[in-house]
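Chemist: Here it is: the structure, laid out below.
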Amino acid sequence: MTDLDIERARQSRRRLLKRFGALAAASLLPWRDGLAQPVFADDPFRLGVAAGDPAPDGFVIWTRLTPRPLEPEGGMPRQAVEVDWELARDDRFRDIIASGKAIAHPLLGHSVHVELSGLQPARSYWYRFRAGRERSITGHARTLPAPGSQPARLRFAVAGCQHYEQGLYTAHRHLSREELDFVFCYGDYIYEYRGRDFQVDAASGELLPTARRSQGQELMTLDDYRRRYAEAKMDLDLMQSHARHAWFCSWDDHETVNNWAGEHAPDDTPPELFALRRAAAAQAFYEMMPLRKTSFPRDGRLQLYRRARCGELLDLHVLDTRSWRSNQACGDRWDNYPCDGVRDPKASMLGAAQERWLFDGLAASTTRWQGLAQQIMLADFQRDATRERINLDAWIGYQLPRERLLDHVQQRRLGNVVVLTGDEHQHYALDIKRQGGNSSAAPLMTEFVATSISSGGDGSPVGRGGEALLRRNPHCHFYNQQRGYVVCDVDTKRWQTEFRVLDQVRRPGGVLSTAARFVVEPGRPGVQKG
Ligand code: FE
Ligand code: CA
């Protein structure tokens, strides 16, 4: 679907609306417990469509009915509404191979998640929805390669950290034009902060007006979170990115609140109160993402860690490093470091169940490559000259869980693990060693950190202090502080990672380029020049 197609679809909808006027949803033909022929006051598909969690035989298709996305409950009545979906083998829907009905329920914000199965592996499909007389834009997704097959190559993107106010989503426009099998979104899809008129620019440290303003107070209630997602999803660049590729969605901290940790709020909110906020954030995330039923929120928590096998080429272990972790050490304050807490034997990053699941999965994998699709930096990175600052929220602040993971990879002689990371709002290519970069030990794994889609504003290629950072960290082969995303192109002989950057994100039309390209060889962890 081109930009023009989206605009045309919008115009034809506007014409329809003029004819039918601003009626609320009304029942003509009830079907089971959903209204079959509602008439909408405005286009109910203003948040677009999305596909997610691709498998060899299917994927999830998603939409949400919100004729007035920023109003409470999206401008929908408190009634269930019937939504039709269609799946085709071509983008013109001449070859429709499946169709059905789903119920958009008010308890889930009128979101729809349809899990498709029985499809052919490694091929493209197109999908769309209809409610009443209204039709959604068309989405596209690819199924994963067949189990046991030897795919010639696999291409996917790593993206996340899309602060709405700090930059436009131009990176998503470019991402939508990439030839990809899927996208991994590590999180920070939204940020919880109140709307602001100005921001501190990451590159210059100066105060600048925000690129655009978010509505509302700091997010706390389900309705707050819903509205913030709706704001983001009305962005046409993001809409197009979802419509073009299936995503694996995980989350980080800002979908709830900065630096939360399992049951612990980042401030002195009592755990029983914080549980209410977590539950609101979890429900909104489920409602807004193309997730499977297995991720459905239960007791205020999401099941977001899961595995995707891409033939015999790649096992992708998607992690949730936020929901099950113990509290950060040293009160999560860099000026409190060092403290004993960073070596707390009871500390956990993944929680016991996810850690066991990951270690078992790593050991049992038979694929050429393994990807750790996660959030926070695993490498030991020296941020300042005196080493008095470490990121207590990242793996290095959880030293024993980090060492258990490194031990496991070393003892099992897993030379094929590539770690994919977000959070930093900077690109990095890193060798993972036990300590820093000065040791002559061979790397145990390779880590590629993807910069942000928009968080941090324009940035600059080197960033403040970038040269010194590279000198202090010889295991870091690349550093860049612009906005963009990462593209991984994987075959049996090498894993290639390209770092895409934009010249600016404050105004439309940001120009994309590839700032650097690196490769990894199977059985030889560590970054090599591409
Ligand atoms: Fe972020
Ligand atoms: Ca944070």
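Chemist: Loop only by DSSP, 14 or fewer other Cβ within 10 Å of the Cβ. Give me the trypsin sites (Lys or Arg not before Pro) in the range 340-447 that pass, ordered by residue number.
Modeler: On the way: sites: Arg343, Lys346, Arg356, Arg368, Arg383, Arg387, Arg389, Arg402, Arg404, Arg412, Arg413, Lys433, Arg434; in loops: Lys346, Arg368, Arg383, Arg387, Arg389, Arg412, Arg413, Lys433, Arg434.
Qualifying residues, ordered by number: Lys346, Arg387, Arg389, Arg412, Arg413, Arg434.
Chemist: Put +1 on the Cβ of every Lys and Arg and -1 on every Asp and Glu Cβ in the range 185-292; which of Ala246, Val200, Thr221 then has its Cα farthest towards the positive end of the dipole?
Modeler: The residue sitting most towards the positive pole is Ala246.
Chemist: Quick one: the Cα spread of the chain along its three principal axes, in angstroms, biggest first?
Modeler: Ordered largest first, the chain gives principal extents of 72, 50, 44 Å.
Chemist: How would the range 466-530 be classified by its alpha-carbon gyration tensor: rounded, prolate or oblate, with rounded meaning a/c under 1.5 and the a/b versus b/c comparison settling the rest? The partial results should precede the final answer.
Modeler: Details: a/c = 3.98, a/b = 1.38, b/c = 2.88.
Cα axes put the range 466-530 in the oblate bin.
Chemist: While we're looking at this one, here's another question. Please label the shape of the range 310-416 as rounded, prolate or oblate, based on the square roots a ≥ b ≥ c of the eigenvalues of the alpha-carbon gyration tensor (a/c under 1.5 means rounded; beyond that, a/b larger than b/c means prolate, else oblate). Write down the numbers at each step before the final one.
Modeler: Values: a/c = 2.35, a/b = 1.91, b/c = 1.23.
In terms of gyration-tensor shape, prolate.
Chemist: Tally the DSSP beta bridges in the chain and give the antiparallel ones as a percent, rounded to 5. Kindly include the intermediate steps, with their values, before the conclusion.
Modeler: On the way: 73 of 96 bridges.
Among the beta bridges of the chain, antiparallel pairing accounts for roughly 75 percent.
Chemist: Can you find, among Asn258, Phe182, Asn473, the residue sitting farthest towards the positive end of the charge dipole of the chain, where Lys and Arg contribute +1 and Asp and Glu -1 at Cβ?
Modeler: Result: Phe182.
Chemist: Over what distance in Å are the Cα centres of the range 238-274 and the range 461-530 separated?
Modeler: 25 Å
Chemist: How long are the semi-axes of the ellipsoid equivalent to the range 363-418, from square roots of 5 times the Cα gyration tensor eigenvalues, in whole Å, largest first?
Modeler: Numbers: eigenvalues 135, 27, 19 Å².
Those come to 26, 12, 10 Å.
Chemist: Computing the accessible area with a 1.4 Å probe over protein heavy atoms, can you report the carbon and sulfur percentage for the range 142-212?
Modeler: Values: 1340 of 2550 Å².
Taking all protein chains in place, the range 142-212 shows 53 percent carbon and sulfur surface.
Chemist: Follow-up. Computed on alpha carbon atoms, what radius of gyration and Dmax characterise the range 36-103, expressed in Å?
Modeler: For the range 36-103, the Cα radius of gyration and maximum Cα-Cα distance read 14.0, 39 Å.
Chemist: Once the Cβ-Cβ distance between Glu272 and Arg196 is put in as r, and R0 is 30 Å, what FRET efficiency do you end up with, to the nearest 0.05?
Modeler: Working: r = 30 Å, r/R0 = 1.00.
The formula returns an efficiency of 0.50 here.
Chemist: Which whole-number value in Å² is the accessible area per residue of the range 368-518, probe 1.4 Å?
Modeler: Details: 5150 Å² over 151 residues.
The answer is 34 Å² per residue.
Chemist: While we're looking at this one, here's another question. Out of every Cα-Cα pair in the range 75-134, what percent are more than 19 Å apart?
Modeler: Values: 671 of 1770 pairs.
Roughly 38 percent, rounded to a whole number.
Chemist: Now for a separate question. Relative to the longest principal axis of the chain, what angle (0 to 90°, nearest 10) does the C-alpha long axis of helix 222-233 take?
Modeler: With both axes taken from Cα atoms, the answer is about 90 degrees.
Chemist: Next up: Residues of the range 95-143: accessible area per residue at 1.4 Å, in Å²? Walk me through the numbers before you get to the answer.
Modeler: Values: 1940 Å² over 49 residues.
Result: 40 Å² per residue.
Chemist: Gain in length, Glu521 to Arg89, computed as 0.36 nm per residue apart minus the alpha-carbon separation, to one decimal in nm? List each step's numbers first, then the result.
Modeler: Values: separation 432, 0.36 × 432 = 155.52 nm, distance 3.58 nm.
Contour length minus the Cα-Cα distance gives 151.9 nm.
Chemist: Efficiency by 1/(1 + (r/R0)^6): what FRET value for Asp384 and Glu206, r their Cβ-Cβ distance, R0 = 22 Å, to the nearest 0.05?
Modeler: Numbers: r = 22 Å, r/R0 = 0.99.
Result of the calculation: an efficiency of 0.50.
Chemist: Once the mean 1/r over all distinct Cα pairs of the range 433-514 is inverted, what Kirkwood radius in angstroms do you read off?
Modeler: 14.4 Å
Chemist: Could you give the length gained on full extension between Arg177 and Trp334, defined as 0.36 nm per residue of separation minus the Cα-Cα distance, in nm? All intermediate terms of the calculation are to be shown ahead of the outcome.
Modeler: On the way: separation 157, 0.36 × 157 = 56.52 nm, distance 4.02 nm.
Extending this stretch completely gives an extra 52.5 nm.
Chemist: Using label points projected 7 Å from each Cα along Cα→Cβ, tell me how many nm separate Arg494 and Gln411, to one decimal.
Modeler: For the pair Arg494/Gln411, the computed spacing is 3.4 nm.
Chemist: Expressed as a whole number of Å, what is the distance separating the alpha-carbon centroids of the range 141-206 and the range 275-306?
Modeler: When both Cα centres are located, 20 Å separates them.
Chemist: Tell me which aspartates and glutamates have Cα within less than 17 Å of Lys101's Cα, excluding those fewer than 8 residues away on the same chain?
Modeler: Asp33, Glu82, Asp84, Glu86, Glu115, Glu134
Chemist: Per the Kirkwood definition applied to all pairs of different Cα atoms, how many angstroms is the hydrodynamic radius of the range 138-265?
Modeler: Values: mean 1/r = 0.0612 Å⁻¹.
16.3 Å is the Kirkwood radius here.
Chemist: Where does the charge balance sit around Thr366 when Lys and Arg score +1, Asp and Glu -1, over other residues with C-beta under 10 Å from its C-beta?
Modeler: Numbers: positive: Arg309, Arg368; negative: Glu312, Asp315.
Counting the neighbours of Thr366, the net charge comes to 0.
Chemist: If you take the square roots of the eigenvalues of the alpha-carbon gyration tensor of the range 380-530 and sort them as a ≥ b ≥ c, do you get rounded (a/c under 1.5), prolate (a/b over b/c) or oblate? Can you show the working numbers first?
Modeler: Details: a/c = 1.99, a/b = 1.32, b/c = 1.51.
Verdict is oblate for the range 380-530.
Chemist: Roughly how many debye, to the nearest 20, is the charge dipole of the range 303-424 about its Cα centre, given +1 on each Lys and Arg Cβ, -1 on each Asp and Glu Cβ, and no other charges?
Modeler: Details: 17 positive and 17 negative charges, 80 e Å.
Its charge dipole is roughly 380 debye.
Chemist: Using unit Cβ charges (K, R positive; D, E negative) and no other charged atoms, how large, in debye to the nearest 20, is the dipole of the range 372-431 about its Cα centre? Write out the running numbers ahead of the final one.
Modeler: Working: 7 positive and 9 negative charges, 49 e Å.
Using Cβ point charges on Lys, Arg, Asp and Glu, the range 372-431 gives about 240 debye.
Chemist: So, one more: Of all accessible surface on the range 461-530 at a 1.4 Å probe, what whole percent is carbon and sulfur? Walk me through the intermediate numbers first.
Modeler: Working: 1500 of 3000 Å².
Percent of accessible area from carbon and sulfur atoms in the range 461-530: 50.
Chemist: At a probe radius of 1.4 Å, what is the per-residue accessible area of Tyr189, in Å² to the nearest 10?
Modeler: 0 Å²
Chemist: Dipole of the chain, Cα-centred, from +1 at each Lys and Arg C-beta and -1 at each Asp and Glu C-beta, to the nearest 20 debye? Before the final figure, lay out the partial values.
Modeler: On the way: 72 positive and 68 negative charges, 279 e Å.
I would put it at about 1340 debye.
Chemist: Can you tell me, using C-alpha contacts under 8 Å and at least 6 residues apart, the relative contact order of the chain as a whole percent? Mind dumping the intermediate values first?
Modeler: Working: 1410 pairs, mean separation 72.3, N = 530.
It comes to 14 percent, rounded to a whole number.
Chemist: Let me have the 222 nm mean residue ellipticity of the chain computed from DSSP H runs of 4+ only, each contributing -39500 (n - 2.57), with the sum over all residues rounded to the nearest 500.
Modeler: Values: 8 runs with 96 residues, N = 530.
Rounded to the nearest 500, the figure is -5500 deg cm²/dmol.
The values are calculated or read from the model by the stated rules, or taken from the named source; none is laboratory data. None of the values given here were measured: they were computed from a predicted structure. Don't worry about glycine lacking a Cβ; one is built from the backbone with ideal geometry, like all the others, and counts go over all protein chains shown. Note: accessible area is taken over every heavy atom of the protein model, side chains too, but ligands, DNA and RNA are not part of it. Shrake-Rupley method; radii C 1.70, N 1.55, O 1.52, S 1.80 Å.
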